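Asks: The structure's right below; bear with me while I get my questions together.
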Amino acid sequence: MEGESAGARIGKKMKRFFRALLLMALLIFGGLYSFYYWATYDEGIRAGFVLRLSKKGMLFKTYEGQLNLQSFGSLKGTSPIAEVFDFSVEKSDTVVVRLLQEVALSGERVNLHYIKRYKTFPWRGDTKYFIKKVERLPKPATD
């Protein structure tokens, strides 16, 4: 380091420091992005009737749907209250999309197995709820 000025040594140290800082920031960003993209917050099942399934979006086309959950009143003789569950389906789940289209047209009661993610991304769907499996329920026997 003979012949090298103090300013040049400080410049090299600062350059190394900023490179390390940038690398650390990229690693933190990559870790957080990966966590929010793939981590699952909740899993469950919702039962009801599929009201709609549509492919929507201007730049990113995603599958979005609604499930009609019927909550029954606590008083005898009251009518059910319509409650809607909004969900998304990943484009790669073509089997799930096909089944949802079929049950939406037939009016069958289904169980939808879902996962809930931490964040939404525009190319993935509008909601945090993603349907992973469609379970068709047997039709009730009529007398």
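The values are calculated or read from the model by the stated rules, or taken from the named source; none is laboratory data. In this text, all values refer to a predicted model and were calculated from it rather than measured experimentally. Virtual Cβ from ideal backbone geometry, glycine too; neighbours counted across all protein chains shown.
Asks: Right, Ser88: surrounded by 11 or more Cβ atoms within 10 Å (Cβ to Cβ) and at pLDDT 90 or above or not? Give the derivation first.
Replies: Details: surrounded by 11 or more Cβ atoms within 10 Å (Cβ to Cβ): yes; at pLDDT 90 or above: yes.
Yes: the conditions hold for Ser88.
Asks: So which residues in the stretch 120-137 are assigned to a strand (DSSP E or B) and under 17 Å from Tyr33 (Cβ atoms), if there are any at all?
Replies: The first filter runs over the stretch 120-137 and keeps only residues assigned to a strand (DSSP E or B), leaving 129-136.
Within the stretch 120-137, no residue meets the criteria.
Asks: If you take the residues in the stretch 45-69 that are modelled with pLDDT of 95 or more and either outside the structural domain of Phe87 (by TED's automatic domain parsing) or within 13 Å of the chain's Cα centre (by Cα) (or both), which one is nearest to Leu105 (Cα to Cα)?
Replies: Per the criteria, the residue is Gly65.
Asks: Name every residue in the stretch 1-40 that is in a helix (DSSP H, G or I), of a type in the set (Ser, Thr, Tyr) and loosely packed, with under 11 Cβ neighbours inside 10 Å, in order of residue number. Walk me through how you get there before you give the answer.
Replies: Pass one, the stretch 1-40, residues in a helix (DSSP H, G or I): 6-38.
Next cut, of a type in the set (Ser, Thr, Tyr) only: 33-34, 36-37.
Correct list: Ser34 only.
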